[in-house]
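**Student:** Would you mind keeping the following structure in view while I ask a few things?
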Amino acid sequence: MATIKEAVDISKEFNIPANKITEVFKLLDAVSICTLDGTIVHGQKIGGKLGFPTANLNLYTSKDCLKNGVYGVKVNLRGLTYYGVMNAGVKPTLNTNIQKTYEIHLFDFNQSIYGEEINVEVKFFIREEIKFSSINQLIQQIENDIMHVKYKFELQQMGKIGL
């Protein structure tokens, strides 16, 4: 993730005005790793039990554009935009999935959206999916992931960094 200091350093190193660096970062917001479309389906409700309810995405296509991991996402639902964190993978800590799933925790969102169609713009990669030795470690990492994603989206919206 590019920080403000890194942007200033880039500006000085390459003799590019800082406002131009910011413009480049804004343009990067238009870029996504990939886009996923699908319907929200019922899952095992484990995320909610851990304190992080998720929307489980049933993809319209079997095309998989992502390696297993955690991502910052922008979700389009009912004509509105929401931000969140998504796990794409098999949930190795829980030993519950053999098949890959796409689970999205939307920030500041508490509505039933089962059966709804959504569009997910995968904006940036956070980390690889890993197996934790305890549920408590998993919960702590999810909290860290959420803080990381919120911070990155906040900075991007302020025009200070690119995704």
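**Student:** Given the conditions (1) in contact with a Pro (Cβ under 6 Å, 6 or more places away or on another chain); (2) surrounded by 13 or more Cβ atoms within 10 Å (Cβ to Cβ), and given that Lys131 satisfies all but one, which numbered condition is not satisfied?
**Tutor:** Evaluating Lys131 over (1) in contact with a Pro (Cβ under 6 Å, 6 or more places away or on another chain); (2) surrounded by 13 or more Cβ atoms within 10 Å (Cβ to Cβ) leaves (2) as the failure.
**Student:** A further question follows. Which of the strands (runs of 3 or more DSSP E) contained wholly in segment 69-123 include at least 2 residues that are out of contact with any helix residue (DSSP H, G or I) (no Cβ under 8 Å at 6 or more places or on another chain) and loosely packed, with under 13 Cβ neighbours inside 10 Å?
**Tutor:** 80-89
**Student:** Those residues that are loosely packed, with under 13 Cβ neighbours inside 10 Å and part of a loop (DSSP other than H, G, I, E, B), I need them from segment 36-55; list them, please.
**Tutor:** His42, Lys45, Gly51
**Student:** A follow-up question, please. So, Asn58, is that one at pLDDT below 85, farther than 18 Å from His148 by Cα and more than 16 Å from the chain's Cα centre (by Cα) or not? Walk me through how you get there before you give the answer.
**Tutor:** Numbers: at pLDDT below 85: no; farther than 18 Å from His148 by Cα: yes; more than 16 Å from the chain's Cα centre (by Cα): yes.
For Asn58, the condition - at pLDDT below 85, farther than 18 Å from His148 by Cα and more than 16 Å from the chain's Cα centre (by Cα) - is not met.
**Student:** Related question: Determine if segment 129-143 includes at least one residue that is in a loop (DSSP other than H, G, I, E, B), closer than 20 Å to Ile40 by Cα and under 16 Å from the mean Cα position of the chain (by Cα). Write out each step before concluding.
**Tutor:** Taking segment 129-143 and keeping what is in a loop (DSSP other than H, G, I, E, B), we get 129-134.
Among the residues that remain, those that are also closer than 20 Å to Ile40 by Cα are: none.
Within segment 129-143, none of the residues are in a loop (DSSP other than H, G, I, E, B), closer than 20 Å to Ile40 by Cα and under 16 Å from the mean Cα position of the chain (by Cα).
**Student:** While we're here: Just to be sure I understand the filter: pairs with C-beta atoms under 6 Å, separated by 6 or more residues or on different chains, first member in segment 130-156 and at pLDDT below 95, second member part of a helix (DSSP H, G or I). Which pairs pass?
**Tutor:** Phe132/Leu138
The values are calculated or read from the model by the stated rules, or taken from the named source; none is laboratory data. Quick caveat: nothing in here was measured; it's all calculated off a predicted structure. Here Cβ is always computed from backbone atoms with ideal geometry, including for glycine, and neighbour counts include all displayed protein chains.
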